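Before any comments, here is the structure.
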Amino acid sequence: MSLKYIDLFAGAGGLSEGFIRAGFEPIAHVEMNGDACDTLKTRTAFHYLNEKNQIEEYYNYLKGKITRNELWAKIPDNLINAVINTEISAETLPTIFEKIDSVLGKDKVDLVIGGPPCQAYSVAGRARDPKGMTEDPRNHLYKYYVEFLKRYKPKMFVFENVPGILSANNGGYLELIFEAVKEAGYELDKKVLNAKHFDVLQDRKRVIIIGWKKNLKLKYPHFEENEPQYEILKDLFSDLPKIKNGQGEWGAVDYAKETNNYLEKSGIRNGVCFTSQHIARPNNPNDLEIYKIAVNKWVQDNKRLNYAELPERLIKHNNTKSFTNRFQVVNHKGISHTVVAHICADGHYYIHPDIKQNRSITVREAARIQSFPDDYFFEKSRTTAFKQIGNAVPVLMAEGIANKIKEMIK
């Protein structure tokens with residue numbers, strides 16, 4: 001019997017994908033963003049068709065041979081309906097519970113996973129808001145998370161968020177979360193975990209709260225802190241076709257090279273001879289000139305570009321006092337800095353380190369930095385795909401956490 005879970009605030013499914021890899025079975029995904037829900041449905045199709053030895057149907061979709069509706073039509077309705085596209089609120093909870101109950105049947109929920117939107121807790125979000133996000137209703141979404149614990153009484157739960165949650169309201173929100181969860185009958189603990197310790201080629205810190213029913217007498221699992229042994233350019237990007245800004249394919253694209261140790265070990269490449277969404281956004285000549293300066297500075301001198309020090313003709317922003325690192329090159333000889341949702345607005349913070357390509361990273365490269373497998377398809381558009389990727393939990397990190405949870409529950 002596989003362990004069953006509900007994924008709340010599911011996003012594009014990075015956390016969920018890790019748990020599926022570890023052998024868990026999703027009962028339902030709840031997510032308010034329609035594009036992310038479409039991505040979840042398409043990924044549901046992948047897992048279903050893979051299990052039924054009909055994976056060619058999924059590849060036909062990536063190759064443009066069938067439409068998305070034709071793909072989804074191959075999936076049982078109960079699986080498609082298990083992706084619940086709605087905001088979680090006091091008004092919607094009864095309907096969400098009803099939908100989950102109809103999918104669940106007589107089965108029990110072993111686990112609840114997910115993390116409320118992090119903007120309300122993030123340091124950057126608080127800095128931008130005149131009221132420091134204190135009046136943002138998202139601060140209180142944890143209350144609905146707790147309602148799922150009360151209703152389904154899972155053995156354990158995993159709650160993910162940004163490190164800013166530790167300092168939000170001087171730690172007050174975290175205190176409220178702990179109190180509410182304990183009242184619901186759970187013990188819990190928190191740690192700041194870094195994705196790079198899970199073989200993700202990215203420096204990405206996240207607060208991971210893990211809880212368990214009081215009668216289970218468990219404790220927070222131990223995670224090894226292994227430093228990454230691989231590099232972005234040599235190991236992560238090496239087999240992707242070299243393209244310039246504005247170039248690339250939304251659909252299927254053949255690899256330019258054979259696979260390598262990291263791509264195999266991570267599961268990013270899994271035996272298929274093509275990927276998709278290796279597409280770069282177009283840039284204006286001004287930005288491309290800045291990119292070249294930034295790459296030269298980084299690759300040759302190991303120094304980051306300070307926006308205020310650019311030639312005057314290239315400076316287009318009035319603000320040269322803050323955000324002077326707004327143009328940043330991905331570290332070619334190490335791991336990437338944190339991928340965030342702002343990548344959907346522009347790619348200046350994620351410049352490709354190969355000066356010959358002179359562009360920001362593609363959708364597929366961003367997905368790889370987040371350790372998504374190459375057959376993972378993000379729905380709708382380049383912008384929405386970037387946003388989903390930036391908001392996601394890295395798949396390898398999720399899988400590492402899931403494996404520990406599995407050991408504890410069994």
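Since every read-out is calculated from the coordinates, none of them should be taken as a lab result. For clarity, every value in this text was computed on a predicted model and none was experimentally measured. In this analysis, Cβ positions are derived from the backbone assuming ideal geometry, glycine residues included, and neighbour counts consider all displayed protein chains.
Here are some notes:
- Other residues whose C-beta falls under 12 angstrom from the C-beta of PHE327 contribute a net charge of +1, scoring Lys and Arg +1 and Asp and Glu -1.
- As a rough footprinting exposure proxy, the listed residues LYS217, LYS190, LYS106, LYS316 were ranked by other beta carbons within 10 Å of their own, and the order from fewest upward is LYS106, LYS217, LYS316, LYS190.
- Here LYS303 is the anchor, and the lysines within straight C-alpha reach of less than 21 Å, apart from those fewer than 8 places off in the same chain, are LYS234, LYS292, LYS321, LYS333, LYS356.
- Taking trypsin sites (Lys or Arg not before Pro) across region 26-57, the ones in a DSSP loop with at most 14 further Cβ atoms lying within 10 angstrom of their Cβ are LYS52.
- Most simply put, the chain has about 55% antiparallel DSSP beta bridges, counting only bridges with both residues inside it.
- In percent, rounded to a whole number, the relative contact order of region 232-390 is 27, using alpha-carbon pairs under 8 Å and six or more apart.
- Over 20 Å between alpha carbons, listed pairs LYS205/LYS410; LYS74/LYS108; LYS41/LYS380; LYS52/LYS404; LYS155/LYS219: LYS205/LYS410; LYS74/LYS108; LYS52/LYS404
- Sparse packing (at most 13 other Cβ atoms within 10 Å of the Cβ) combined with a DSSP loop state is found for the following trypsin sites (Lys or Arg not before Pro) in region 340-397: LYS356.
- Footprinting exposure proxy for ASP354, ASP374, ASP35, ASP301 (fewest neighbouring C-beta atoms within 10 Å first): ASP301, ASP354, ASP35, ASP374
- For the chain: relative contact order, % (alpha-carbon pairs under 8 angstrom, 6 or more apart): 18 percent
- Relative contact order (percent, whole number), region 166-217, Cα cutoff 8 Å, 6+ residue spacing: 31 percent
- Over all other residues within a Cβ to Cβ distance under 13 Å of TRP72, the charged ones net out to -1, with Lys and Arg as +1 and Asp and Glu as -1.
- The chain: angle of helix 93-104 to the longest principal axis, Cα-based, in degrees nearest 10: 80 degrees
- Rounded to whole Å, sorted largest first: equivalent-ellipsoid semi-axes of region 232-390, Cα gyration tensor: 27, 16, 14
- Calculated from backbone phi, Karplus (6.51, -1.76, 1.60) coupling profile of region 47-58 in Hz, x at Gly/Pro: 5, 5, 5, 4, 5, 8, 6, 10, 4, 4, 4, 5
- Selection of GluC sites (Glu not before Pro), region 41-97, meeting DSSP coil and at most 16 other Cβ within 10 Å: GLU87, GLU91
- Converting phi to 3J(HN,Hα) with the Karplus coefficients 6.51, -1.76 and 1.60 and the offset θ = phi - 60°, region 370-376 yields 8, 6, 5, x, 5, 8, 7 Hz in sequence order, with x at every glycine or proline.
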